[in-house]
């Protein structure tokens, strides 16, 4: 029997990663992410036809982001009780992200059902609830990096560093196919080289087929050094004007990167220490998880730690876990910085801070991540002079800046660099004139 790979996501778009690998002996799912911000997302955020959770032997997870894990609770909800293999850091962050996802869905559905009730319509249910997440979390099985482990009949898996977020991995499958061993490589999301905090991605040297995710495969990002330099200049200017610096922050990865860069700025006396508020319960917990896994940090980070603990440079960092803590920030004068979710300004505590401060000329808003079409963050970047927040028109007099080089995804050059060690295997290529296939949603490829 040929090895079959069915693409149940991240095919034709960049979310909903899910790959079903079938052999004569095993049925394995690799990632099961949620579709976000795409047409037909509601229809596709389910268990697809042809995939029976109860018949799966194992599930493997490259990393914890919602577009790679967001549908996992649907498996346990529909009878899957087998192992879910991932790195230890991914296990911790997956629990954090999925619990938050269930909570957000619960709040959104409650609001939707109030409207439906007033309209005389039947209530609807969320994709999954907190009990489904807890059932799923109990199935997570931690595996080490760089060590092949049996995951299903006739199949082993090796996880290696992907450099994307804490615990992220690329996965190589070793599959017994008749009397031959076939090797499949799944890149997952690859991070950029030389990014702060995390180690560089690792690759592989042998594969019969490579499934390469390429969110930014058509372009390169701005160099990280230039982006850090611009970030430092923006912060210096804001401090001189004694303004509040508001940064819509993704809770996992981006928040920890910015805290690290601030620690270096304070240590080098680029700016005097000023209050920094980490105003996101999820980012606070993610930062705690990061501190549990310092073994995954790069040598530059450890060299700084050997000089002295970075905590000594971050004495002005103040976590604000409760809503009451967050509201107190309104009374604080600048200079100060507020790192608050959500990263696209579409929800969360950042909306309250924008409402309180966008109309102030001394305020600086720094956008450090992708902003979806028609999101508040995108509208601010496009120069709108007035925006509506919580039903109130707010004048935009703050300075709005975008920093595009902090992406945790590799650009074109780094993706090709990651692939290069595999090139001699000629999976389907001719001296880098790659003969690639671009699978579509629901398509099955055979080896």
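What follows draws every value from the coordinates through simple rules; no lab data is involved. No experiment lies behind these values; they were computed from the predicted model shown. Cβ coordinates were reconstructed from backbone atoms using ideal geometry, including for glycine residues, and neighbour counts include every protein chain displayed.
If the chain linking residue 332 and residue 46 were pulled fully straight, counting 0.36 nm for each residue of separation and taking away their Cα-Cα distance, it would gain 98.5 nm.
If R0 is taken as 41 Å, the Cβ-Cβ distance between residue 446 and residue 103 corresponds to a FRET efficiency of 0.50. Here residue 389 and residue 55 are evaluated by their C-beta separation; at R0 = 41 Å the FRET efficiency comes out at 0.30. Taking only Cα atoms, what is the 0 to 90° angle, nearest 10, from helix 281-292's long axis to the longest principal axis of the chain? Approximately 60 degrees, to the nearest 10.
Listed from fewest to most Cβ neighbours within 10 Å, the set 208, 107, 65 follows the order 107, 208, 65. Does the stretch 49-95 classify as rounded, prolate or oblate by the C-alpha gyration tensor (a ≥ b ≥ c root eigenvalues; a/c under 1.5 gives rounded; else a/b over b/c gives prolate, otherwise oblate)? Note, shape of the stretch 49-95 comes out prolate. Taking 7 Å steps out from each Cα toward its Cβ at residue 142 and residue 24 produces label points 3.8 nm apart. With neighbour counts taken as other beta-carbon atoms within 10 Å, the residues 418, 359 rank, fewest first, as 359, 418. Would you mind pulling out the separation of the Cα centroids of the stretch 161-196 and the stretch 305-341, in Å? Using only Cα atoms to place each centre, the spacing works out to 36 Å. Relative to the longest principal axis of the Cα atoms of the chain, the long axis of helix 254-267 makes an angle of roughly 50 degrees. The order of the peptides 91-100, 435-444 by mean Cβ neighbours within 10 Å, most packed first, is 91-100, 435-444. Of all DSSP-defined beta bridges confined to the stretch 224-402, some 20% are antiparallel rather than parallel. Counted over the stretch 1-77, the DSSP beta bridges are approximately 75% antiparallel.
Antiparallel beta bridges, as assigned by DSSP with both residues in the chain, represent about 50 percent of the total such bridges.
Once the chain from residue 300 to residue 324 is taken as fully extended at 0.36 nm per residue, the excess over their C-alpha distance is 4.9 nm. With R₀ fixed at 35 Å, the C-beta to C-beta distance from residue 229 to residue 311 puts the FRET efficiency at about 0.90. Counting 0.36 nm for each residue step from residue 268 to residue 237 and taking away their Cα separation leaves a gain of 9.5 nm. Compute the acute angle (0 to 90°) between the alpha-carbon long axis of helix 88-118 and the principal axis of greatest extent of the alpha-carbon atoms of the chain; round to the nearest 10°. For 88-118 against the chain, the angle is about 70 degrees. By the count of other C-beta atoms within 10 Å, a proxy for reagent exposure, 124, 14, 61 are ordered fewest to most as 124, 14, 61. Note on the chain: GNM, Cα springs under 10 Å; of 287, 363, 316, the largest mean-square fluctuation is that of 316. Which of these, 119, 207, 255, has the largest mean-square fluctuation under a Gaussian network model of the chain (Cα springs below 10 Å)? In the Gaussian network model the winner is 119.
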